[in-house]
1. For residue 54, which of the numbered conditions (1) open to solvent by 60 Å² or more (accessible area, probe 1.4 Å); (2) of a type outside the set (S, T, N, Q); (3) in contact (Cβ under 8 Å) with a residue 40 or more places away in the chain fails to hold?
2. Does segment 126-133 contain any residue that is more than 16 Å from the chain's Cα centre (by Cα) and surrounded by 14 or more Cβ atoms within 10 Å (Cβ to Cβ)?
3. Would segment 8-21 turn up any residue that is over 13 Å from the mean Cα position of the chain (by Cα), closer than 20 Å to residue 124 by Cβ and open to solvent by 60 Å² or more (accessible area, probe 1.4 Å)?
4. Kindly list the number of the only condition in (1) modelled with pLDDT of 95 or more; (2) closer than 30 Å to residue 128 by Cα; (3) open to solvent by 70 Å² or more (accessible area, probe 1.4 Å) that fails for residue 33.
5. Just checking, does segment 96-110 include any residue being in a helix (DSSP H, G or I), over 14 Å from the mean Cα position of the chain (by Cα), more than 22 Å from residue 138 (Cβ to Cβ) and of a type in the set (Lys, Arg)?
6. Give the number of residues within segment 103-146 that are among the basic types (Lys, Arg) and in contact with a strand residue (DSSP E or B) (Cβ under 6 Å, 6 or more places away or on another chain).
Amino acid sequence: MMRRTKSTLLVVVQFAMLAFLAATGPWLPRHTVGLFVQLAGLALGLWAVLTMRVDRVHVFPEVRPGATLLHHGPYRFIRHPMYLSLLLVMLPLVVTAFSVWRLAAWLLLLGNLLVKLHHEERLLSSHFPEYATYQAQTSRLLPWIY
């Protein structure tokens, strides 16, 4: 019960921050660099979803019945490409229409996703015996950095 409550809270905060950022500024960056970062984030997210298969995408960190551990596509480099995708898509929006509130929302999104990925990794470790080996071979969020 406690795990489900934690997961629900993490997803609610995630979507609240995404909604706040989408509602308080433009959806497209004004500069080419920002647009490139946003498009790279969208491409990464699409690659991750297609690798996972659309019908298996799940916003909650709990491991679904019949789940398999992915080792290909973007998952061969990073364990949480969809989280990185969200951060890359939203960061240029904060820069384009900067305010302290929008920056705080993005930082809260970042912190929330970090907590969520640690929670998810604990769940994956208990479900997949080979997850520790996979962790040793990949980065969490930023290839070769973290």
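1. So the condition that residue 54 fails would be (3).
2. Step one: list which residues in segment 126-133 are more than 16 Å from the chain's Cα centre (by Cα), which gives 126-133.
Adding the requirement that they be surrounded by 14 or more Cβ atoms within 10 Å (Cβ to Cβ) leaves 128, 131.
Taking every residue of segment 126-133 in turn, at least one turns out to be more than 16 Å from the chain's Cα centre (by Cα) and surrounded by 14 or more Cβ atoms within 10 Å (Cβ to Cβ).
3. Among the residues of segment 8-21, at least one is over 13 Å from the mean Cα position of the chain (by Cα), closer than 20 Å to residue 124 by Cβ and open to solvent by 60 Å² or more (accessible area, probe 1.4 Å), which makes the answer yes.
4. Result: residue 33 fails condition (2) only.
5. We begin by selecting, within segment 96-110, every residue in a helix (DSSP H, G or I); these are 96, 100-110.
Among the residues that remain, those that are also over 14 Å from the mean Cα position of the chain (by Cα) are: 96, 100-105.
Subset that is more than 22 Å from residue 138 (Cβ to Cβ): 96, 100-105.
Within this subset, residues satisfying the condition of being of a type in the set (Lys, Arg) are 102.
Yes, there is a match, as at least one residue in segment 96-110 is in a helix (DSSP H, G or I), over 14 Å from the mean Cα position of the chain (by Cα), more than 22 Å from residue 138 (Cβ to Cβ) and of a type in the set (Lys, Arg).
6. So the first thing to find is which residues in segment 103-146 are among the basic types (Lys, Arg), and the list is 116, 122, 140.
Among the residues that remain, those that are also in contact with a strand residue (DSSP E or B) (Cβ under 6 Å, 6 or more places away or on another chain) are: none.
The total comes to 0.
Residue by residue, here is whether (1) part of a helix (DSSP H, G or I); (2) polar (S, T, N, Q); (3) in contact (Cβ under 8 Å) with a residue 60 or more places away in the chain holds:
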site	(1), (2), (3)
15	yes, no, no
40	yes, no, no
59	no, no, no
70	no, no, no
74	yes, no, no
89	yes, no, no
93	yes, no, yes
119	yes, no, yes
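The values are calculated or read from the model by the stated rules, or taken from the named source; none is laboratory data. These numbers were taken from a predicted model, which means no experiment stands behind them. Neighbour counts run over all protein chains shown; Cβ positions are idealised from the backbone, glycine included. Note: areas computed on protein heavy atoms with side chains; ligands, DNA, RNA excluded. Shrake-Rupley method; radii C 1.70, N 1.55, O 1.52, S 1.80 Å.
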